[in-house]
Amino acid sequence: MTLRALLVAALSLTLAWTVQAAEPIVVKFSHVVAPNTPKGMGAEKFKALAERYSGGAVVVEVYPNSTLYKDKEEMEALQLGAVEIIAPSLAKFGPLGLRVFEAFDLPYIFDSYAELHKVTGGPLGARLLASLEPRGIAGLAFWDNGFKSFSANTPIRAPGDLRGKKMRIQSSKVLDAQMRALGALPQVTAFDEVYAALKARVVDGTENPHSNFYTQRMHEVQSHMTLTDHGYLGYAVITNKKFWDGLPGTVREALARAMREATEYTNQIAKAENDKALAAIRTAGTTEVHVPTAEERLAFKKALLPVHAAMAPRIGKDLIDAIYEETGFDPDRL
């Protein structure tokens, strides 16, 4: 073998050893809900796909149930680069000055997952994710949780049944206006503190998709729930833009593919998981579940629809009208 050939062979072995010896890229994925919720399951699916598609170049560490960062901390941690991926609820973007995301909090703006996905899966959703970039955030996907039900320790049959009740909300001007439209008293409470607040009667009730309500054991401390489906709770999966842009191209492509497939999986299972949780709530027998009549549901819609107009100056009337056009919603038909 020639000297040149020996040198080439030695260089090849050195490069191979270097690749093998390189430490994998650690991606910390922090979230605040239980592993057996749609978001929790989606995070685990992303972990499995990302590690497979990257050929071991990436290790994803998933931290559920606020074990790494709490509800109020994770956005700042992401921007500082202390965590690589989070999936905050869409209400969390208002405090960043991104009020457009608060459109998702508007009551009864979506009547079904099909209507919702016309927005999150289309050009309008892509535009919203792109608006995060000036804040040092790359938007990767929208993930569903589900539609929310009201709960309390007294029956909820009409909007007036929530009058005077202290109702837990996320920090959101829209959700604040929603509760006030019902005569309720909105109480901002971190997600990981809701169970204790309900148990201690610091708050009287709340709103949740069924998977959150059940996995956080709220059915143990709430005697009544009404299936109002009045609002949507979803998440934006986001990453630190500097981290994302600094990844090797092949690794970034592998993670993007994993995220696309994890998103499809999460959004497929969201309704099924919430249906399963609702069945478990009924089986537990500690919470009376009321299915509203068409007339009762219409009464809630009529009580809450004025929130759209009230919040238009904050969110942007053009955006709300664009969502109406995309979904076919006509507020004048009510």
Fill in the blank from the handout: Pseudo-spin-label distance E220 to R333, built 7 Å along Cα→Cβ, given in nm, is 4.3
Handout entry: Near-label residues of the range 125-153 by backbone N, under 16 Å of a point 7 Å along Cα→Cβ of A200
Key = none
Practice task
Excluding V119 itself, calculate the net charge of residues whose Cβ lies under 11 Å from the Cβ of V119, where each Lys or Arg counts +1 and each Asp or Glu counts -1.
Solution key: -1
Exercise for the section: Could you pull out every residue, at least 5 positions away or on a different chain, whose amide H is within less than 5 Å of the one on I169? Hs are placed 1.01 Å off N in the peptide plane, and Pro or chain starts have none. Expected result: Q187, V188, T189
Completion exercise
The set of residues whose placed amide H lies less than 5 Å from the amide H of I156, leaving out same-chain residues fewer than 5 positions away, is none
Handout entry: C-alpha center-to-center spacing [the range 274-334, the range 175-190] in angstrom
Key = 15
Practice task
Can you pull the one-decimal nm distance between simple spin-label points at A309 and A256, each 7 Å off the Cα toward Cβ?
Solution key: 4.4
Problem - Check: the chain dipole with +1 on Lys, Arg Cβ and -1 on Asp, Glu Cβ, in debye - result: 360
Exercise for the section: State to the nearest 20 debye the size of the charge dipole of the range 63-212 about its Cα centre, where the only charges are +1 on K and R beta carbons and -1 on D and E beta carbons. Expected result: 520
Fill in the blank from the handout: On the formula 1/(1 + (r/R0)^6), with r taken between the Cβ atoms of T293 and S131 and R0 of 51 Å, the FRET efficiency rounded to 0.05 is 0.80
Completion exercise
For 44-54, 140-150, 232-242, ranked highest to lowest by mean beta-carbon neighbours within 10 Å, the order is 140-150, 232-242, 44-54
Handout entry: Linear extension gain, R157 paired with E264, 0.36 nm per residue minus alpha-carbon span
Key = 35.0 nm
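For the chain, report the % of Cα-Cα distances exceeding 36 Å.
Values: 13018 of 55611 pairs.
Cα-Cα pairs of the chain separated by over 36 Å account for 23 percent.
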Completion exercise
So, relative contact order of the range 21-327 in percent, Cα under 8 Å, 6 or more apart, is 27
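Each reported figure results from applying straightforward, stated rules to the coordinates on display, with no laboratory input. All of these numbers come straight from a predicted model, not from anything done at the bench. Here the Cβ is made from the backbone with ideal geometry for all residues, glycine too, and neighbour counts use every protein chain on show.
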